[in-house]
1. Calculate, for the chain, the solvent-accessible area per residue in square angstrom, rolling a 1.4 angstrom probe over the heavy atoms of the protein chains.
2. Between His194 and Ala349, what length in nm is gained on full extension when 0.36 nm per residue of separation is reduced by their alpha carbon distance?
3. With labels modelled as points extended 7 Å from the Cα through the Cβ direction, what inter-label distance (nm, one decimal) is found for Asn264 paired with Asp290?
4. Counting Lys and Arg as +1 and Asp and Glu as -1, each charge on the Cβ, what is the dipole of the chain about the Cα centre in debye, to the nearest 20?
5. Go from 0 up to the bin containing the longest alpha carbon distance in the chain, width 10 Å each, and give me the % of pairs per bin.
6. Report the relative contact order of the chain, percent, no decimals, based on alpha-carbon pairs under 8 angstrom and at least 6 residues apart.
7. So how much slack lies between Asp338 and Arg52, counting 0.36 nm per residue of separation and subtracting their Cα-Cα distance, in nm?
8. Taking a label point 7 Å from the Cα of Arg314 along the Cα→Cβ vector, which residues of segment 155-196 have an amide N closer than 16 Å to it?
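The values are calculated or read from the model by the stated rules, or taken from the named source; none is laboratory data. Just so we're clear, the structure is a prediction, and the values are computed from it rather than from any experiment. Every residue, glycine among them, receives a Cβ derived from its backbone with ideal geometry; neighbour counts consider all protein chains shown. Protein only, heavy atoms only, side chains kept; ligands, DNA and RNA dropped before computing areas. Shrake-Rupley method; radii C 1.70, N 1.55, O 1.52, S 1.80 Å.
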Amino acid sequence: MPNEPRKSFVFSISSPGEPGRTRPYRRSTRIGDSGAPARSDHVSVYQFDPLRDPRWPGLLLVHPLASVFHTPGWLQALHRTYRYEPVVLTTSAPGGELSNGIVFCRVHSRLTGRRLVSLPFSDHCEPLVRNPGDCAEILASLADSPAADRPRYVELRPRSASFDTQPGFAAAREFVFHTLDLAPAADELFRRFHKDCIQRKIRRAVREGVTVETGPAAPLVEEFYRLLVITRRRLGVPPQPRAWFDSLAENLAGSVNIYLARRNGRAVAGILTLTFKDTVVYKYGCSEVDQNRFGGVPLLLWHAIRQAQREGAREMDFGRSDLGDSGLVAFKQRWGCDASRLRYWRLPASAAAEGSPEWAGRVAKPVLACIPRPLLPAVGRAVMRHLG
């Protein structure tokens, strides 16, 4: 059909930190017979390094879907700890105003392959694109990139966006996602908590003299990490490297808080939260299992909720839970959280059926349970970068 119009796209690949240097890649797609004269519209997709481009933090301040996982501090922690390379794809030209962007990390692993993930170790990462057409152009550029440049798969982890109509993408993994509305007064929130599993444990912690210490992460990392290694060993999964928490404390200073529950002066439970705009994320929790009956973790979460309310937060993000982890799902629901489905998407669609990189952790579960606790941090340093 000689008069059928074609639409051309230019995928311009720039070197990290040098958004002006580009290498064009063209593709042509038939868009249907309208009877109009043939024409060519060019849409460019650029990439830049969000750790070096000053436009990225500005976009996060004004975009309603931006989260702590988009921030340069989180990306810098990923880069320093795991050597992941952050990159943002956008339709905004270098040097101009930045109106959109989808952030990824390049993961290079001999164990789990070369992948492009948005984002590793992040429960969710919404594409910051208001115009659906711009989002489609960016994702189409990934689908049509030269074979030599293609990773094994691209993974998107949006909180709400769906890509079921985007060519080449398919749903890969699904979780339960939990959020707590902080608008009600503290007394009303407390009344909504499960009476036996939450309210009673908080009251018991107070009766038992459990105290709470909180503050910036750096001074409390050592005690928190001891509890985290204990917990991860109990669960049979590798602990994150200590360097990860040190990097979070350094690069997200002011946004990271650690809460420690002490009984008789000893830290028996801990949680770590991240704050961005009006949302607080409950990211990590850990404890000594024989001390759980004293209610340390519920007391810590209640303190974090109260502090979040005092600081004007409107939502507490309780993170994701595996569909099959009924215990964790129930624990979060007992706080009165709203539950929704969280879907991860992969390109190409054939990769959606592949196992998650987390398979390595599951395979290692019985082995980890036998490894002496002092050796677990070394195991985490060796394997965690392959699992993001």
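1. Details: 17570 Å² over 388 residues.
Heavy-atom accessible area per residue stands at 45 Å².
2. Between His194 and Ala349, full extension yields an extra 51.7 nm.
3. Placing both labels 7 Å beyond Cα along the Cβ direction yields 1.0 nm.
4. With Lys and Arg at +1 and Asp and Glu at -1, about 1140 debye.
5. Going out from 0 Å in 10 Å bins, the chain shows 5, 21, 31, 24, 13, 5, 2, 0, 0 percent.
6. Numbers: 763 pairs, mean separation 71.7, N = 388.
The value is 18 percent.
7. 99.3 nm
8. Residues 179-185 fall inside that zone.
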